[in-house]
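The values are calculated or read from the model by the stated rules, or taken from the named source; none is laboratory data. Predicted model only: the values in this text are computed from it and were never measured. Positions of Cβ are backbone-derived with ideal geometry, glycine not excepted, and every protein chain shown enters the neighbour counts. Accessible surface areas use protein heavy atoms only, side chains included; no ligands, DNA or RNA. Shrake-Rupley method; radii C 1.70, N 1.55, O 1.52, S 1.80 Å.
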Amino acid sequence: MNRLKKIMASTLAVISAASSVGIIANAEETDAVSITCETLTSAVTANDGTVIPAGSTAVTLNISGNTGFDSFITTLNVNSAELIVDNNGAPIYSTGDILENALTASAANNGLISFTSASAENISSDGEMITFYVSSGFEGASIVNEQ
């Protein structure tokens with residue numbers, strides 16, 4: 001019986017130490033999403049054939065310290081900026097290198113633009129996720145919701 005108590009105590013100590021290591025490792029994870037903007041000096045043709053004119057702003061959502069994901073939803077506030085949209089009113093966007101094999105979709109409403117993505121594989125690299133375009137009135141974008 002005494003021996004069983006010692007084994008149980010040792011086992012609990014190992015489990016406790018392993019749990020602490022997991023918590024410490026999680027504290028170092030970042031998943032930092034950032035936004036960069038660039039004014040186009042020449043026209044760009046989108047994947048659907050829409051021509052985005054020079055002078056438009058390309059707004060790119062980036063991720064660094066990526067701990068891995070297979071899907072995400074991000075909503076940005078672009079205020080009164082005029083989004084460049086397709087014939088159905090959906091924002092024109094292009095996927096960055098880390099989402100090239102993922103299914104993506106976008107929607108806009110009242111100054112907010114949302115992007116969703118789903119992938120059959122775990123995406124764990126850093127880089128550009130999505131680039132969308134605005135033609136006028138752009139004063140910056142902020143992340144409203146990120147999952």
### Message
Looking at S106, S117 in this structure, which one is more than 24 Å from P53 (Cα to Cα), open to solvent by less than 50 Å² (accessible area, probe 1.4 Å), assigned to a strand (DSSP E or B) and in contact with a strand residue (DSSP E or B) (Cβ under 8 Å, 6 or more places away or on another chain)?
### Response
S117
### Query
Can you tell which of N66, N62, N88 is assigned to a loop (DSSP other than H, G, I, E, B) and either charged (D, E, K, R) or within 11 Å of the chain's Cα centre (by Cα) (or both)?
N66
### Query
Do you know which of the residues in region 39-53 that are open to solvent by 90 Å² or more (accessible area, probe 1.4 Å), part of a loop (DSSP other than H, G, I, E, B) and under 13 Å from I92 (Cα atoms) is modelled with the lowest pLDDT?
N47
### Query
Which pairs do you get when a residue that is on the phi > 0 side of the Ramachandran plot, found in region 68-90, comes within reach of a residue that is open to solvent by less than 40 Å² (accessible area, probe 1.4 Å), reach meaning Cβ atoms under 6 angstrom, with the pair 6+ apart or on two chains?
N79/G111
### Task
State all residues of region 82-93 that are open to solvent by less than 50 Å² (accessible area, probe 1.4 Å) and modelled with pLDDT under 90; if no residue qualifies, say none.
D86, G89, A90
### Query
Got at least one residue in region 121-139 being buried (at least 17 other Cβ atoms within 10 Å of the Cβ), at pLDDT below 90 and assigned to a loop (DSSP other than H, G, I, E, B)?
yes
### Message
Looking at region 59-73 only, could you name the residues that are of a type in the set (V, I, T) and either open to solvent by 20 Å² or more (accessible area, probe 1.4 Å) or closer than 22 Å to D48 by Cα (or both)?
### Response
V59, T60, T67, I73
